[in-house]
Structures are given as structure tokens and as C-alpha cells.
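The values are calculated or read from the model by the stated rules, or taken from the named source; none is laboratory data. Please read all numbers here as calculations on a predicted model, not as lab measurements. All Cβ positions, glycine included, derive from the backbone under ideal geometry; neighbour counts span all protein chains shown. Protein only, heavy atoms only, side chains kept; ligands, DNA and RNA dropped before computing areas. Shrake-Rupley method; radii C 1.70, N 1.55, O 1.52, S 1.80 Å.
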Amino acid sequence: MVRRSQTSNPRSAVVLTAGADWRTRAAGQRRGSGAEFPMPRRQAAKLKALQQCLGVIRTAINAKRWAQARYGLSRARALVDALPPDQTAEEREQLSVLRKRFEARSTPAAKKAAEKKTGPKPAAKKAAAKKKTAPGKAVPRPVPDLGARLLNRAALGYGATDEA
């Protein structure tokens, strides 16, 4: 498609091709779901692809690569749907566990479980317990012991010390 500019210069021509305009190109692109990958033809190949996909999903979830995990879950669902249910009982169970772990990635329950797994050390708990005080009460600072020092106030210009 050729669009000529509206100026009087006959040499200025703007050539537009499909996808060259970023706004229309970005609008036409969608995130791949994983279900549109080439499906293996034989059942043995589908089963092997499903087992590999479960391993990839597990690795992605452990490494917190959520986009890769989402893609793998979609691909695994397509593979499970293409296989007979009696052959994929174990894989379906693994997939449901992985799907639950994926869905719990940003929930308060998942954060609490992660905190429990990597909780503070017992020594840190004791130190934290010692530091806590009653709310509203300030801890008094200890008075420094100056020893037997005498200050000559008169030498410092504050006047005589005997004035009363």
C-alpha cells in the first residue's frame, strides 16, 4: 500500500507495509498460550512430551518464572486432553498439584508457607524478644560514670563555684 504525502513534492512517498506500523502490529500480536504448539502424532510421543512438560513446569514454578509456567500448564492441558484418561492418571495428579502451586504463587497463604519454610533462626527470635518493650514506655539511658573528675567552672568562664 502506498500513500503519497499531501505536500506538493512529487518525490516524497511514504510506503506502508503490513505490520510496519507498530500500533497495528502490537494490536495484532497476542501472547502464545502453549496450546498452539505442534502436537505429536503417536500416543507414546504425546506421553513423553507430557512428562517433559511436567518437568519444565516444575522447574519454572521453583524458579518463579511464572510466564513459562503458564505456557507449560497450557501445553500440558492440551496434551492431557489429547490422551486417553486411563493412560494419564499419574500425570493428571501431578498436573493438578502443579496447577495449585501456580495459582497460590501470590496469595497470603503461599507467602505464609514460604515464610514458615524459611523462618527466622532461634537466636534471632531470642534477640527480637529481648528488644521488645512495653508500648509507650521509653527505656531510660544509663547515666555515664564520669569518675572523680572535677570541672573548674571558673577557668571555663562560668564564674565562681562558691556563689550561693
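Please work out the FRET efficiency for the pair Lys116 and Leu83, using the Cβ-Cβ distance as r and a Förster radius of 45 Å; give the result to the nearest 0.05.
0.75
Please go through the residue pairs Lys48/Lys111; Lys64/Lys117; Lys46/Lys111; Lys117/Lys137 and name each one whose alpha carbons sit more than 24 Å apart in this structure.
The pairs that break the limit, which is 24 Å between Cα atoms, are Lys48/Lys111; Lys46/Lys111; Lys117/Lys137.
Given a 1.4 Å probe and every protein chain left where it sits, what share in percent of the accessible area of the stretch 65-109 is carbon and sulfur?
51 percent
Using a 7 Å offset from the Cα along the Cα-to-Cβ direction at both Phe102 and Met39, what is the distance between the two label points in nm, to one decimal?
1.8 nm
Order the peptides 94-101, 147-154, 49-56 from the highest to the lowest mean number of other Cβ atoms within 10 Å of their residues.
49-56, 94-101, 147-154
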